[in-house]
Each structure stands twice: as structure tokens, then as C-alpha cells.
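We did not get these values from a lab; they are worked out from the coordinates using the rules stated. Just so you know, these numbers come straight off a predicted model, no measurement behind them. With ideal geometry, Cβ positions are generated from the backbone for all residues, glycine too; neighbour counts draw on all protein chains shown.
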């Protein structure tokens, strides 16, 4: 079975950097989806300080990513990347399930 989310090398490296400066009780990063934004839904990333029994846990390239159980169906097959550009750097979700993405790239829609 394929993992829900695959991490690019740069995403894994950035998560390691973030975790090295995180509070000691952070276990990893947690990805969830919330309603909002121009296209209807947006990705949320935060530190995970406890294991939710319903979360899916992805361990890849030496990092732990917790996926909110409510977000699993929206994230299947997604690649999480980290892009560094001239004026900003950000995590990018390359999600094959998206049917629409807003112009600012902050939100998406599943068809």
C-alpha cells in the first residue's frame, strides 16, 4: 500500500530542521485540512505534541508526520515538498486529488 503522503528530500530535511528547534515535547508535524480559502479547503501544518489514536503516522526519511484522520481522504497520493524561492520558502502539497486551486496557492478543492 502506498503511503498517504510522500515526502520529498527537501521537505524531510526542512522538517528535521524545524523539529531540531521545536519544543522538546513535539513528536513531529501534523498535517490536517480545514475549510476556508478561496477554493474551499486549505492545508494546515502544526507541531504534534501528542499522538491522536485516529491519526495516520507516516515515518519517512527519518521524520514523523501525523495525518489527521479527517484529512486522509483528501491527501491520498500527495507529495509534500519544500520550495525555496527568492522571497519566500514554503511547504508545497502536490495533490493529485485537487480539481481546483486558488490563484494564491493557499487553498484547493477536491472535485
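Classify the range 5-104 as rounded, prolate or oblate from the Cα gyration tensor: take a ≥ b ≥ c as the square roots of its eigenvalues, call it rounded if a/c is under 1.5, otherwise prolate when a/b beats b/c and oblate if not. Let's see the in-between values first.
Working: a/c = 1.67, a/b = 1.20, b/c = 1.39.
Oblate shape, in that a/c is at least 1.5 and b/c is the bigger or equal ratio.
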request  = Run the quick spin-label model on residue 54 and residue 73: label points 7 Å from Cα toward the beta carbon, then report their separation in nm to one decimal.
outcome  = 1.3 nm
